[in-house]
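S.K.: Take this structure, written in structure tokens, and hold onto it; I'll ask about it next.
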């Protein structure tokens, strides 16, 4: 187990480094940051002054290693727009995004697990097709459109929840529903597939032959084994929900990391964008690593 964990850790570290290099390069070459900071009305001399002032005239690899060295010391730089330390900006807005992602994942599990079990118990029936149809709609529906429809119905027409803002937990209900519906299909399909496989296994037939009740077989034997891969998927989905909150936070005017990233992209605030990309990448890599270790601990065959 220790050898497998070390192999996965080295791989995760390599992925994190590769992501940092690629994201740094893409953000640098996608636009002229000096021109973006100077503004469209600036002349070439002003642009060059800004380029030198921010070190953008240095070779790309020199800029990368300088930035990486600052990150290692805990210095994420200063925002070009807000004129504040980037670390402070991120720490102020991170709790809201984490709370939203946690609520969304919990809601997705509450919806997806029963639907997956129900679809497996009625395999190839109209109930199964209905559950799969719900999953397909969830994958195909644009999140911003779904968010706008929820706002129109529940915030504007019925006025049962706030229109926007995350000052209270009620303001997070609609955003959590949107993100949860995005995460539900994958969890539901994995639960369904796992339950179908487990229910057809020999030990389930043995349990039935011993006269165990259907509820006992379903909960104690089938669901316990089928849900293990779902736990690992849920960890990865949490990373997706963190990174995928940008559109939802923008639509609902939530002052989280997703909205901060959108603001920073609009204003060419490179230090903030780069730090957010790195943060989400590291979180996702860590969650993937934890998922691999959990899978290997639950199922020793994974280590082979």
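S.K.: Can you put 163, 218 in order, fewest other beta carbons within 10 Å first? Walk me through the intermediate numbers first.
M.R.: Details: 163 13, 218 20.
Listing 163, 218 from fewest to most nearby Cβ atoms yields 163, 218.
S.K.: With only alpha-carbon atoms in the gyration tensor, what are the semi-axes of the equivalent ellipsoid for the range 95-269, in Å, largest first?
M.R.: On the way: eigenvalues 272, 54, 36 Å².
Semi-axes from the Cα gyration tensor: 37, 16, 13 Å.
S.K.: With the chain treated as a Gaussian network of Cα nodes joined by springs under 10 Å, which of 215, 101, 193 yields the largest mean-square fluctuation?
M.R.: Comparing 215, 101, 193 in a Gaussian network model of the chain, the most mobile one is 215.
S.K.: Normalising by the residue count of the chain, find the relative contact order in percent from Cα pairs under 8 Å and 6+ residues apart.
M.R.: Here the relative contact order equals 26 percent.
S.K.: On full extension of the chain, what length is gained from residue 152 through residue 228, given 0.36 nm per residue of separation minus the C-alpha to C-alpha distance?
M.R.: 23.5 nm
S.K.: Here is a further query. Relative contact order for the range 95-269: what percent, with Cα pairs under 8 Å and sequence separation of 6 or more? Write down the numbers at each step before the final one.
M.R.: On the way: 198 pairs, mean separation 57.8, N = 175.
Across the range 95-269, relative contact order equals 33 percent.
S.K.: Same structure, new question: Quick one: helix 86-121 against the long Cα principal axis of the chain, what's the angle to the nearest 10°, folded into 0 to 90?
M.R.: Orientation of helix 86-121: about 20 degrees from the principal axis.
S.K.: Residue separation times 0.36 nm, minus the C-alpha to C-alpha distance between residue 91 and residue 17: what's the value?
M.R.: Numbers: separation 74, 0.36 × 74 = 26.64 nm, distance 2.25 nm.
Taking 0.36 nm per residue and subtracting the Cα distance, the gain is 24.4 nm.
S.K.: Principal axes first, then extents: for the Cα atoms of the chain, list largest minus smallest coordinate on each axis, whole Å, largest first.
M.R.: Between the extreme Cα coordinates on each principal axis of the chain lie 84, 58, 29 Å.
S.K.: Sum -39500 (n - 2.57) across every DSSP H segment of at least 4 residues in the chain, then divide by the residue count to get the 222 nm mean residue ellipticity, nearest 500. Please report the intermediate quantities before stating the final value.
M.R.: Details: 13 runs with 213 residues, N = 304.
Only helices count here, giving -23500 deg cm²/dmol.
S.K.: If each residue's Cβ is checked for other Cβ atoms within 10 Å, how do 83, 224 rank with the fewest at the top? Display every interim value, and only then the final one.
M.R.: Details: 83 7, 224 11.
Least to most surrounded, the residues fall as 83, 224.
S.K.: Another one. Against the longest principal axis of the chain, how steep is helix 60-72, in degrees 0 to 90 to the nearest 10, with axes from Cα atoms?
M.R.: Long axis of 60-72 versus the principal axis of the chain: about 70 degrees.
S.K.: For the chain, with a Gaussian network of springs between Cα atoms less than 10 Å apart, report the residue from 189, 205, 51 with the top mean-square fluctuation.
M.R.: 205
S.K.: Also, quick follow-up: To the nearest 0.05, how large is the calculated FRET efficiency for residue 2 and residue 201 if R₀ is 30 Å and r is the Cβ-Cβ distance? Don't skip to the answer; put the middle values down first.
M.R.: Values: r = 30 Å, r/R0 = 1.01.
Computed FRET efficiency for residue 2 and residue 201 comes out at 0.50.
S.K.: Using the 10 angstrom Cβ neighbour count as an exposure proxy, how do 191, 157 rank, fewest first? It would help to have the intermediate numbers written out before the result.
M.R.: Details: 191 26, 157 9.
Fewest to most other Cβ atoms nearby, the residues stand as 157, 191.
S.K.: Report, in whole Å, the centroid distance computed from the Cα atoms of the range 127-153 and the range 246-262.
M.R.: If you average the Cα positions of each part, the centres end up 21 Å apart.
S.K.: Over the alpha-carbon set of the range 210-285, work out the extent along each principal axis and list the three values in angstrom, largest first.
M.R.: 67, 26, 11
Taken together, the values in this text are just the output of simple stated rules run on the coordinates, not laboratory data. Every value quoted in this text rests on a predicted model; they were computed, and no experiment measured them. Cβ sites come from the backbone with ideal geometry, for glycine too, and all protein chains shown count toward neighbours.
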